[in-house]
Ligand SMILES: Nc1ncnc2c1ncn2[C@@H]1O[C@H](COP(=O)(O)OP(=O)(O)OP(=O)(O)O)[C@@H](O)[C@H]1O
């Protein structure tokens, strides 16, 4: 991961040095002036890319955060504050953070269009505030001074380029940290992220705070660029246009932010020269964003996919780490890992679970079977904390967890998989195992992947097939070494041979990872291969429990689950 970050950082720095030399050395002054504007827009776009592209939240008020940064720089300048422009820009970025957190708070409960409306509301309110006040220095024409060595247009271009490169490199490292993986996981599925013990509020607030900081920096850079500012520089339409550009180009990537900056500056410039209305540019951006959304990928994502194809970067073969020892066996615990008492769940008139008592012993794999609609997934949802309400209780190693939200239950030792895999495809296989399992050495990650026969840690999840992703789901939950893992139909999409192999792996989980397992499955071969005991649900009630050989021969089970009537069994 670090290697990839350093590689990206060196590409960014090298490209910036070449671009800096060409733009300041060869291009006329006016082009340098425009190029500076491109970079400032690119910084603003980076902030949108982080919150929207990485975390999947719609934020339509980024230019308001930029306005806070610019206002702060103007205020510090007029007030004769100590320091100089770089320091004030940094302070301006920090000043935008509380606003970012304040806007992030509604995002904890809202998503999609509702969040868009709230952020748009903030942008509108900020417009109204700016219309009633003036920017510091605006009426008396007190310009924000640039640092002496960056005073010329060429010099200020270099000054802004340094900020852009610094932020782009910083983001390249940040997105490969655990926090970066958390943002991607939240973007892909908040429920799946919570199942890994991730605090969704923490993830969203951190994204809003850092993105507001970057937007504030862009405002400060604009203050030094223009000298004095007016409210129109930060109006709501600017935020909307940049959001459309970010969606179109994929501003979560350094090149996407830069292409977006070029488009955001070039279009208005071309339209101005052609004596055409500036709004036409916004219409084109909206069309571009619509196109990217319907295609399912932005310009930079398309570019990256093509580059990957050209490079044909095949991940290291599966046996690359074959000499790595499998996970070491751990001492087995005794007692009951998980139990439910009188667990009852109602969906309106439907009673999905009806006073279910279930016990999953330590050191064992227990099966939970039943016909479609019997209540198996509902039980997993209730136990893992994904239902708003249920009656009865869930105990983990004897302690009630009913008042704990899903991510706290996950941290305390209840991990689950889903019927359909929910892994963020932008992650690598290794990054996913680390996200799910926490701090782990490279050898530990590789050992788990080798054990369950998943590809090399550097393989992109997007490039692995559905069956392998199911295995990766299992690798993720066991990597965390919780007290109990709940596997919801892990064999779905696997061939017969793969299912039998998976059954052997699941049977090894208690011994190798110290977790008890509750396995929900329809595939009886897998159940027989992995489980030492079985509970059978039908219409939300437990109808049988015990050793597989006994339970599967129980007439009630054969009738309810296998559809075999007592007298017809021999037929
Ligand atoms: N969100 C929901 N709203 C209303 N009813 C629901 C909801 N989720 C499940 N149910 C109902 O609850 C009952 C149990 O469903 P559940 O999905 O838990 O069964 P299952 O045993 O997991 O089935 P399958 O094997 O098909 O996954 C079913 O009657 C189902 O229609």
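The values are calculated or read from the model by the stated rules, or taken from the named source; none is laboratory data. Being a predicted model, the structure only gives us computed values, none of them experimental. Because the Cβ atoms are built from the backbone with ideal geometry, glycine has one as well, and the counts that use them run over all protein chains shown.
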Report, by residue number, each residue of segment 365-397 that is within 9 Å of the ligand (Cβ to nearest atom) and exposed (fewer than 15 other Cβ atoms within 10 Å of the Cβ). 372, 373
What's the number of the condition residue 80 fails, among (1) surrounded by fewer than 24 Cβ atoms within 10 Å (Cβ to Cβ); (2) part of a helix (DSSP H, G or I)? (2)
Return the residues of segment 398-411 that are more than 19 Å from the chain's Cα centre (by Cα), over 15 Å from residue 336 (Cα atoms) and crowded, with 17+ Cβ neighbours inside 10 Å; say none if nothing qualifies. 404, 409
Answer yes if at least one residue in segment 56-70 is surrounded by fewer than 22 Cβ atoms within 10 Å (Cβ to Cβ), part of a helix (DSSP H, G or I) and modelled with pLDDT under 95, and no otherwise. no
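Of the residues 202, 180, 155, only one is free of Cβ contacts under 8 Å to residues at least 24 places away in the same chain and touching a helix residue (DSSP H, G or I) at 6+ places or on another chain (Cβ under 7 Å); which? Before you say what the answer is, go through the steps one by one.
Details: 202 fails: touching a helix residue (DSSP H, G or I) at 6+ places or on another chain (Cβ under 7 Å); 180 fails: free of Cβ contacts under 8 Å to residues at least 24 places away in the same chain.
When all the criteria are applied, what remains is 155.
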If residue 466 passes every condition in (1) modelled with pLDDT of 90 or more; (2) under 23 Å from residue 507 (Cα atoms) but one, which one does it miss? (1)
Evaluate the following for residue 441: is it over 15 Å from residue 488 (Cβ atoms) and not assigned by TED's automatic domain parsing to the domain that holds residue 194? yes
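One line per residue, one yes/no per condition, for (1) more than 16 Å from the ligand (Cβ to nearest atom); (2) on the phi > 0 side of the Ramachandran plot; (3) modelled with pLDDT under 95:
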{"residue": "462", "(1), (2), (3)": "yes, no, yes"}
{"residue": "480", "(1), (2), (3)": "yes, no, yes"}
{"residue": "485", "(1), (2), (3)": "yes, no, no"}
{"residue": "493", "(1), (2), (3)": "no, yes, yes"}
{"residue": "502", "(1), (2), (3)": "yes, no, yes"}
{"residue": "505", "(1), (2), (3)": "yes, no, yes"}
{"residue": "508", "(1), (2), (3)": "yes, no, yes"}
{"residue": "512", "(1), (2), (3)": "yes, no, yes"}
If we keep only residues of segment 221-234 that are buried (at least 20 other Cβ atoms within 10 Å of the Cβ) and within 34 Å of the chain's Cα centre (by Cα), then the residue nearest to residue 78 (Cα to Cα) is 223
Can you pull out every residue in segment 539-559 that is surrounded by 20 or more Cβ atoms within 10 Å (Cβ to Cβ) and within 12 Å of the ligand (Cβ to nearest atom)? 540
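Can you name every residue in segment 123-133 that is touching a residue at least 60 places away in the same chain (Cβ under 8 Å) and exposed (fewer than 13 other Cβ atoms within 10 Å of the Cβ)?
Looking only at segment 123-133, we keep the residues that are touching a residue at least 60 places away in the same chain (Cβ under 8 Å), and these are 123-124, 126-127, 130-131.
Across segment 123-133, the qualifying residue is only 131.
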Total residues in segment 348-361, condition under 33 Å from the mean Cα position of the chain (by Cα) and away from the ligand (no atom under 15 Å from the Cβ): 1
The lone exception for residue 120 - which of (1) touching a residue at least 40 places away in the same chain (Cβ under 8 Å); (2) not in a helix (DSSP H, G or I) it fails: (2)
